Amino acid sequence: MGAGEGARVLILGIETATPQVGCAIGGHEGVLASFHAARGRRHAETLAPAIDFIRRQARVELDEIGAVVADVGPGLFTGLRVGVVTAKALAMALRVPVIGVSSLDLLAFPVRWTHRRIVSVVDARRGEVFYGFYRQVPGGVQRLSEQRLGDPEALCSEILATGEECLAVGDGALRYAEQLQELIRVEVGEAGLAYPSAGSLVQLAHARALREEFINPWELAPVYLRKADAEINWSTREQAPPQPGPVV
């Protein structure tokens, strides 16, 4: 893609890192159409019809798409796999580049107006959360920490260590709101900020398209931060001591 073409490219965004399924189409004119659904978590069944729906609403043909962007996590294993595989397959079929964006970046982006430290928190299940810290900078947010996996107690300890007022957003922040709100200088964002937005995904990707920060479809990879349940169960089984056999 030549210089300046990033300004005119139409972008398809795919967001499946959490219980919400989302997609959007947009470019230099902003978001043209978007879809979000957060009930049932049937990512594989929902995503393809949703992409076709927003394409028709935006009056865009698939061959007009110039780039595909996907939320690469961290997030829930099954949803992430569906979104990344779909993004790679579409990009390869359309012969266009891709962009990967972090789910934690996406949660922080809509609250970039705040002067408080932003804490993006995704519910990782099993009593854990994915989280990262951000601050406002001109034009967006800047990540201040690595993306981490930990329990709510570890997150609260890190927040206390900052000594700053914080705004916590994401479904993980809502799930553990009681613990977070016990910290005097922490506000938990509203339910409307629970999930990453496909619209924000397109907006962030457009800024990267202007800088031509593309990768090839086969380079797109999800960020899990934790093994899938099946891998964990298999490892546990392998490490378990042999059990005595039945008495014959």
Across (1) modelled with pLDDT under 95; (2) in the same structural domain as Gly27 (by TED's automatic domain parsing), Val137 clears everything bar (2)
Does Glu187 satisfy the criteria of being farther than 29 Å from Pro97 by Cα, in contact with a Cys (Cβ under 8 Å, 6 or more places away or on another chain), at pLDDT 95 or above and not β-branched (Val, Ile, Thr)? yes
Quick check, is Val96 modelled with pLDDT of 95 or more, surrounded by fewer than 22 Cβ atoms within 10 Å (Cβ to Cβ) and either in contact with a His (Cβ under 9 Å, 6 or more places away or on another chain) or β-branched (Val, Ile, Thr) (or both)? yes
Find all pairs meeting these conditions: Cβ atoms under 6 angstrom apart; at least six residues apart or on different chains; first residue within segment 155-175 and β-branched (Val, Ile, Thr) and in a helix (DSSP H, G or I); second residue surrounded by fewer than 20 Cβ atoms within 10 Å (Cβ to Cβ) and at pLDDT below 95. Ile159/Leu183
Sort through Arg55, Arg81 and tell me the only one that's surrounded by fewer than 22 Cβ atoms within 10 Å (Cβ to Cβ) and either more than 15 Å from the chain's Cα centre (by Cα) or within 29 Å of Leu180 (Cα to Cα) (or both). Arg55
Residue list for segment 61-72, restricted to those being aliphatic (A, V, I, L, M) and modelled with pLDDT of 95 or more: Ile65, Ala67, Val68, Val69, Ala70, Val72
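The values are calculated or read from the model by the stated rules, or taken from the named source; none is laboratory data. As the structure is a prediction and not an experimental result, all values here were calculated from the model. Please note: Cβ atoms are built from the backbone with ideal geometry, for glycine as well, and neighbour counts cover all protein chains shown.
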